[in-house]
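Beneath this line is the structure, given in structure tokens, with notes to follow.
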Amino acid sequence: MRRMLNTPKLPTISAVIASLALLAACGQQVTNTRFANDSPFIDDSIVAMPSTTDALSVAVGFSTTYTVTFITDDGGLARDLSITAGLSALPAGWSGPTSFTCSSISTGGGCRLNLTYHPMTVDSGSVVLNYSYKSDGGTSKTGKSVMSYAATSNNNVVATPSPSGQIAVVTGGTSTVGITFTTDDGSPATDLSITAGLSSLPTGWSGPAGFACASVSAGSGCLLSLTYAPAAIAGGTLTVSYAYQSNSGTAKTGSINISYLATSQNHVIATTTPAGQIVAVIGGGSQTVKVDFTTDDSNPASNLSVTPANLTSLPAGWTGPGTFTCASVRTGNGCELSLTYMPTQTGSGTVALNFGYTNNSGVALTGSVNIAYAATADDTVIGTASPSGTVNAVVGQGSQSVTVTFNTNDGKPASNVAITGGLSPLPSGWSGPATFTCASVNTGNGCQLTLMYNPLAVASGTLQLNYGYNADSGSAKTGSVSIPYTATTNNNLVVTQAPSGSISAVVNSGSVPVTLTFTTDDGNPATAITITSGLGTLPSGWSGPATFSCASADTGSGCRLTLTYEPTVNGGGTVALGYSYNDDAGTAKSGTANIAYASISGMLYLTDTVSNVVRCAMSGVDGSLSSCANAARGFSAPTGIAFSGNWAYVTPGTAATDVDVCPVNSDGTLGPCISAQTFSLPNALAVSGGHLYIADASGPNVYSCTINADGSLSACITNYLGTINVSTLDGIAVTATTAYIVDINGGYLTTCSVSSIDGSLSGCVQTTLIGTNPDAGKTANAAPRSAAVYGGYLYIGAIAGPMILPIAGDGTVSVTYPCSFTPATSCTIDPAGPVQSTVNSFSFNNGYAYVSGYGGGGGVGICTIEASGILGSCVTSRDPLLTGSYGGMAIH
């Protein structure tokens, strides 16, 4: 059946008359029609001309246009054509206008109605259109157009092989394969032909050179037969391509793929390693036997399994897995069973293993392997040294006897035992016979070699004796026995102190590390080194671990004890540390390490608020100052000083914005000072935890800088104290956990937490000191100028005198208003303090407090420190140089 998808040209007027009979036959009806040969033209008619005279056929899912052209039968003019029925209810799949009119109709295609047919399901029927018009003579007339239509499917041809799946044939065999062509909907397709695949069939395949079917539908009316008869192992895919016309007339193609495989009837072979009879000696260790399963043609077999009964009931002396399987078997050792033969008694026999598998043709087969075995007695002579292990001897302490006893491992006799190497020559310190033989050996002490070890010097090594013999079976064998040895001494532990001599440290001026290194006097090891006394009762100023021990010490610094000397008062003496150890020979010994020490009074450094730095010697007896002299000049009215090691920091430095760093000379003077860092108005300094802290008088910031080994400063951090007006910072003290800063104009005490990582400040809290003065005769403005921490107290130099605040365990202090004159209260103003007021700075050394400030004729106040922290028995030093007003102080 043909699809008419194109609209044909309209017929001419001269052909209209000749077509009327044909139109009637195709279902077209014309009412009141006049033919052209009726003369004259009185009353013409309109003829409906379809775009096709055949019934309309369209495949489901496709579309076509159907056209009806209206003309007059005589070339005259008709008017007012109108479709009166059919457009408003078109059949399913049809679409077009809901109405249609033409004002005038004659010849040509001026009056044309277009409809579209787009079916979605198989269907058939007729489109009927009724119309009316007026003839050239004015007569009202009617007509009808009828078009038959059908919607067909667009089916596919499907190729089905038989048998289905992979075509597997054993070489030498034959398999017939049928390919049946049918349609997927049972409707007929036409003109099927094979387009590719038959002219070049793979090796082993045969069939017709060509194949065609005029019609294809259901059933087996279209069947292609092929034959597969392989002569060799092969595999692949046979592809057959075909073409056809669907039931809608559409040209289509298809193909089918048939997987095939040619296999052989292979067999699994079991091979043992080692080959032949397996012979093992009783007591001579285990013998491993491997069984490798392969195929005789290198093609794979599958599902190999050793019968479980064989493996679970192996003969005595044989062991292996409980079961053994291999999913695939071919060449190589991918399928290998491992067995072990370790006999405990003589005997012989055969291990029979049965196995099953599936060959590469899918046939289930079986096989077996037999392993002959025998156990023999072939004993071994073993030499045993006594004492066992390492032979230890002390140089110069006499001989050590060593006995080597030879026995067989099974109690059966061996013969002709003879030392073949090692006796001549013996290592240094060893002695014994030049030769050694035994005619027969079995058990007991019948065959013994005695040697002596008497070392003259420290040594170590291994004496190896090689021997030969004949086993009970008569076979010649060899063996050896190794005797490790060492010669030691009664050495001594040596304690080396660094630094050597008496240890000196300045009171309250940092720590001195002291190391004790334990070595031996001969470089040989001593063991179990332990400090037995002294660590738990270290003198004041000394610190170290509670216990100390080393498993071993010889040379180097592997056993080292580190102590620290950091005096807070003048004094001296000896640190005595008792220790014990075992020498190289294992003898227990002991000793004492003595460390002499003495504190150094040190010097007090003061910043003169005019231009220089002054240093004074401090008495270790009464704390008095003497021999005051200029330590350095050229500063810009210095107010702050602090020390870190042998570096002094002074501010302001040579410029008003600088903090200078100066080396401390051996005579206490300060070497050439250079700018270490520039700030705004640096005023007071403090050193703690490897950081220098700078209180700046120009704003609410404290700077913290890392102190480097060369005295330089780096990684400076700006620490903002808060929004309260603390802009004239002039005093700072810092501990490991807390910083205390005072502000002279604002009258504030600021407390901050100190970071253990980078020394930065955080969590700063301000407390006003205004109103703390208990003396009504003095101003309520505290005007704090300095801060210092000593003995668990915070000392603040205020206008009323020293303010003393106990420090809690968390670093906080509490201020009461007003403070009390009573000692040991939470906030105390020291009424009996030094005359220097306001207090510009505090320093503490050897039980004395040093106070600088204005008033009292200058000088420095020297006070004792009472248990409550109160400064008492104050006097003013009158050294001739101490006549000015001093700011910061520090001890070094």
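Here are the numbers for the structure shown:
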quantity	calculated
Answer residue from the range 45-63, given it is of a type outside the set (Gly, Ala, Ser) and either within 18 Å of Lys134 (Cα to Cα) or in contact with a helix residue (DSSP H, G or I) (Cβ under 9 Å, 6 or more places away or on another chain) (or both) and is surrounded by the most Cβ atoms within 10 Å (Cβ to Cβ) among those	Ile46
Pairs where the first residue, in the range 549-564, is within 15 Å of Val494 (Cα to Cα) and of a type outside the set (S, T, N, Q) and the second is in a loop (DSSP other than H, G, I, E, B) and open to solvent by 60 Å² or more (accessible area, probe 1.4 Å), C-beta under 8 Å, 6+ apart	Cys550/Gly558
Residue list for the range 572-600, restricted to those being open to solvent by less than 40 Å² (accessible area, probe 1.4 Å) and assigned to a loop (DSSP other than H, G, I, E, B)	Asp583, Asp584, Ala585
Filtered residue count, the range 203-218, keeping only those that are closer than 21 Å to Asn360 by Cα and either of a type in the set (Phe, Trp, Tyr) or open to solvent by 30 Å² or more (accessible area, probe 1.4 Å) (or both)	2
Of all residues in the range 293-344 being hydrophobic (A, V, I, L, M, F, W, C) and loosely packed, with under 15 Cβ neighbours inside 10 Å, the one that is farthest from the chain's Cα centre (by Cα)	Ala316
Elements of type strands (runs of 3 or more DSSP E) in the range 239-311, at least 1 residues being free of Cβ contacts under 8 Å to residues at least 12 places away in the same chain	251-263
Top-ranked residue of the range 274-292 - restricted to ones that are within 46 Å of the chain's Cα centre (by Cα) and of a type in the set (Val, Ile, Thr), ranked as surrounded by the fewest Cβ atoms within 10 Å (Cβ to Cβ)	Thr288
Residue among Ala393, Ala414 that is surrounded by 12 or more Cβ atoms within 10 Å (Cβ to Cβ) and either under 57 Å from the mean Cα position of the chain (by Cα) or aromatic (Phe, Trp, Tyr) (or both)	Ala393
Failed item, numbered, when Ala733 is tested on (1) crowded, with 20+ Cβ neighbours inside 10 Å; (2) part of a loop (DSSP other than H, G, I, E, B)	(2)
Filtered residues of the range 629-685 (kept if loosely packed, with under 15 Cβ neighbours inside 10 Å and of a type in the set (Ser, Thr, Tyr))	Thr654, Ser666, Ser675, Thr678, Ser680
Within the range 590-618, tally of residues that are within 13 Å of Asp879 (Cβ to Cβ) and at pLDDT 85 or above	7
Every pair of residues 6+ apart whose Cβ atoms lie under 6 Å, when the first sits in the range 633-646 and is under 18 Å from Ala787 (Cβ atoms) while the second is part of a loop (DSSP other than H, G, I, E, B)	Phe643/His892
The range 309-326: number of residues that are more than 24 Å from Val279 (Cβ to Cβ) and touching a Pro at 6+ places or on another chain (Cβ under 6 Å)	1
Restricting the range 345-372 to residues that are in a strand (DSSP E or B) and of a type in the set (S, T, N, Q), the residue that is least open to solvent (accessible area, probe 1.4 Å)	Thr358
Filter result for the condition that a residue is touching a Cys at 6+ places or on another chain (Cβ under 9 Å), modelled with pLDDT of 85 or more and either open to solvent by 10 Å² or more (accessible area, probe 1.4 Å) or more than 15 Å from Ala798 (Cβ to Cβ) (or both), over Tyr748, Tyr720	Tyr720
Subset of the range 739-754 [farther than 13 Å from Ala788 by Cα and of a type in the set (A, V, I, L, M)]	Ile744, Val754
Positions within the range 379-390 being in a strand (DSSP E or B) and either open to solvent by less than 30 Å² (accessible area, probe 1.4 Å) or of a type in the set (A, V, I, L, M) (or both), in sequence order	Val381, Ile382, Gly383, Ala385
Checking Val835 against (1) open to solvent by 40 Å² or more (accessible area, probe 1.4 Å); (2) at pLDDT 85 or above, the condition it does not meet	(2)
Within the range 145-191, strands (runs of 3 or more DSSP E) holding 3 or more residues that are surrounded by 15 or more Cβ atoms within 10 Å (Cβ to Cβ) and at pLDDT 90 or above	157-162, 175-183
Residues that are out of contact with any His (no Cβ under 7 Å at 6 or more places or on another chain), small (Gly, Ala, Ser) and either under 26 Å from Ser511 (Cβ atoms) or without any contact (Cβ under 8 Å) to a residue 60 or more places away in the chain (or both), drawn from the range 589-623	Ser590, Ala593, Ala596, Ala598, Ser599, Ser601, Ser611, Ala617, Ser619, Gly620, Gly623
Close pairs (9 angstrom Cβ cut-off, 6 or more residues apart or separate chains): acidic (Asp, Glu) in the range 53-67, part of a loop (DSSP other than H, G, I, E, B) and open to solvent by 40 Å² or more (accessible area, probe 1.4 Å) anywhere	Asp54/Arg2; Asp54/Met4; Asp54/Cys26
Check on Leu10, in a helix (DSSP H, G or I), modelled with pLDDT under 80 and either over 17 Å from Thr139 (Cβ atoms) or among the hydroxyl-bearing types (Ser, Thr, Tyr) (or both)	no
Residues of the range 609-624 satisfying the condition of being open to solvent by less than 20 Å² (accessible area, probe 1.4 Å) and part of a strand (DSSP E or B)	Val613, Val614, Cys616, Met618
Residue ID - surrounded by the fewest Cβ atoms within 10 Å (Cβ to Cβ), chosen from residues in the range 811-825 that are in contact (Cβ under 8 Å) with a residue 60 or more places away in the chain and at negative phi	Thr812
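So that you can scan it fast, the table gives a plain yes or no per residue for (1) modelled with pLDDT of 85 or more; (2) farther than 19 Å from Thr639 by Cα; (3) in contact with a Gly (Cβ under 7 Å, 6 or more places away or on another chain):
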site: Ser843; (1), (2), (3): yes, no, no
site: Tyr848; (1), (2), (3): yes, yes, yes
site: Gly853; (1), (2), (3): no, no, yes
site: Gly858; (1), (2), (3): no, no, yes
site: Ser877; (1), (2), (3): no, yes, yes
site: Pro880; (1), (2), (3): no, yes, no
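The values are calculated or read from the model by the stated rules, or taken from the named source; none is laboratory data. Only a predicted model underlies this, so the values are computations on that prediction, with no experimental measurement involved. Neighbour counts are summed over all protein chains in view; Cβ atoms, including those assigned to glycine, are modelled from backbone coordinates with ideal geometry. What goes into the accessible areas is simple: the full protein's heavy atoms, side chains included, and nothing from ligands, DNA or RNA. Shrake-Rupley method; radii C 1.70, N 1.55, O 1.52, S 1.80 Å.
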